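What follows is one structure encoded as structure tokens, with my remarks underneath.
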Amino acid sequence: MQDSLSNEPGAEAPDGELFAIGPARDARYTVKERWRDCENFPGDHPLHHVEFTHRQMNEEVNGLECSAACLADYPQADWELRMWFARQCADEARHARMFRRRLEGMGAHVGQFPVMNFQYRIICRADSLLGRLTIQNRTFEAGGLDAVAWVARKMHDEGDAPLADFFESQLADEILHVRFANEWLRKLIRDDPRQLLDMSKTLGRAARGFRYVMGNEGTEGVYYPTDRLARLEAGFTEDEVKTASELGTQVASGELRGHPRS
């Protein structure tokens, strides 16, 4: 990746410090490294929802690949935690198939639009299980709780019961993914409080990688209200939910840009 960031103050050039090598994709796919290089149709474009579905399908594959990498990279991890990762692999595979069926039901096909694998490249750059749980489950998937819950309610309000059920089933799985991560992160930190330093360092690196990939243009105007009930069910405390809500308000107002909300 040879892109330059000379026109974006504060951003960093991509290298091994921020990203792992991306996952393999077959010849159907065109892989891009930055949001601005993808097909970003406006909300009123007829292909907007089709492209979104295609992108979500690939992101669910990323989730599967990240969980599988945790199993492969940390074979000595606690058996119960490994079982949670195995369950997450199965869940993410099911989600990917759900999105593929929906995509093809729209008359589209796999590989029709460019995809990004930034989640895998940021998550798998972390060199500890604590770091990967922090980024994948407690940050990316926790932010996804808000988005999926909001979309499910919107579909209900619009009378699209099948699509509402589609997203609610996904939400139920994502709540479990975030909750097991919260439980295990607290255990890991309780056993070794020094790992809090690793968590902070990992989050900082992930935030820099996220800003590089998304840029201001990829996060401008993107905001989902914090879903208190989903986050509490996923193991966050009331104080943590309040902090996430305040951070989300800052992102929505433009005070914070390109920040992956946890």
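A few comments on the model shown:
- Meets criteria (surrounded by fewer than 21 Cβ atoms within 10 Å (Cβ to Cβ), among the aliphatic types (A, V, I, L, M) and not in a helix (DSSP H, G or I)) for Ala24: yes
- Selected residue [aliphatic (A, V, I, L, M), closer than 18 Å to Phe180 by Cβ and either at pLDDT below 95 or surrounded by 13 or more Cβ atoms within 10 Å (Cβ to Cβ) (or both)] from Leu5, Leu81: Leu81
- Check on Arg190, crowded, with 21+ Cβ neighbours inside 10 Å and charged (D, E, K, R): no
- Any pair with Cβ under 9 angstrom, 6 or more apart, that starts in region 33-49 at a residue that is touching a residue at least 60 places away in the same chain (Cβ under 8 Å) and ends at one that is among the hydroxyl-bearing types (Ser, Thr, Tyr) and not in a loop (DSSP other than H, G, I, E, B): Glu33/Tyr212; Arg34/Tyr212; Trp35/Thr219
- Within region 118-148, if we keep just the residues that are farther than 19 Å from Glu174 by Cβ and in contact (Cβ under 8 Å) with a residue 60 or more places away in the chain, the residue that is farthest from the chain's Cα centre (by Cα) turns out to be Ser128.
- A count restricted to region 171-212 and to residues that are at pLDDT 95 or above and of a type in the set (Val, Ile, Thr) stands at 2.
- Taking the criterion of being within 21 Å of Phe85 (Cα to Cα), touching a residue at least 60 places away in the same chain (Cβ under 8 Å) and outside any helix (DSSP H, G or I), the residues of region 185-244 that qualify are Ala234, Phe236.
- Conditions (1) more than 19 Å from Val151 (Cβ to Cβ); (2) under 20 Å from the mean Cα position of the chain (by Cα): number failed by Glu80: (2)
- Of all residues in region 62-77, those satisfying the criterion of being out of contact with any Leu (no Cβ under 8 Å at 6 or more places or on another chain), under 16 Å from Trp184 (Cβ atoms) and touching a residue at least 60 places away in the same chain (Cβ under 8 Å) are Cys66, Ser67.
- If you check Ser128, Ser169 for being polar (S, T, N, Q) and under 25 Å from Arg194 (Cα atoms), only one passes: Ser128.
- Glu104 vs. criteria at pLDDT 95 or above and out of contact with any helix residue (DSSP H, G or I) (no Cβ under 6 Å at 6 or more places or on another chain): yes
The values are calculated or read from the model by the stated rules, or taken from the named source; none is laboratory data. Predicted, not measured: the structure shown is a model, and the values here were computed from it. Heads up, the Cβs are rebuilt from the backbone with ideal geometry, glycines too, and the neighbour counts pull from every protein chain shown.
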